[in-house]
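Below are the structure tokens for one structure; questions will follow.
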């Protein structure tokens with residue numbers, strides 16, 4: 001891990017490289033949406049999931065469902081669909097619990 005003197009954060013080499021890439025992208029006028037770490041499974045979409053999620057103020061679990069369903073063909077196949085299903089099951093369980101407490 002590297003110690004970032006300015007922020008006092010311990011970063012792995014990979015995290016530091018990602019942050020430097022993002023900083024360079026910002027400094028040269030490109031959008032953070034143009035920088036994707038580890039693949040292009042989102043950049044190839046007409047609308048990136050993060051843009052849709054942010055624009056619609058979608059919560060964490062719902063956002064993960066959108067993310068995994070959007071990328072399943074291009075990244076981890078059925079495993080991504082299982083992750084989306086898991087987040088749906090979590091959301092149902094937590095919302096059911098919340099509703100029964102009121």
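As a footprinting exposure proxy, order 62, 95 by other Cβ within 10 Å, with the fewest listed first. Could you put the intermediate results ahead of the total?
Values: 62 14, 95 11.
Listed from fewest to most nearby Cβ atoms, that is 95, 62.
Could you work out, for segment 39-102, what percent of all Cα-Cα pairs fall into each 5 Å distance bin, beginning at 0 Å and stopping at the bin that holds the largest distance?
Taking all Cα pairs of segment 39-102, the binned fractions are 4, 19, 22, 21, 17, 8, 5, 3, 1 percent.
Something else now. What residues from segment 57-83 fall in the zone where the backbone N is under 19 Å from a label point 7 Å along the Cα-to-C-beta line of residue 99?
Residues 59-63 qualify, since their backbone N sits under 19 Å from the label point.
Also: Taking the Cβ of each residue in 80, 44 as the centre, tally the other Cβ atoms inside 10 Å and list the residues starting with the fewest. Could the numbers behind the result be given before it?
Values: 80 19, 44 11.
The order, fewest Cβ neighbours first, is 44, 80.
FYI, it's all coordinate maths here, none of it is from the lab. No experiment lies behind these values; they were computed from the predicted model shown. In this analysis, Cβ positions are derived from the backbone assuming ideal geometry, glycine residues included, and neighbour counts consider all displayed protein chains.
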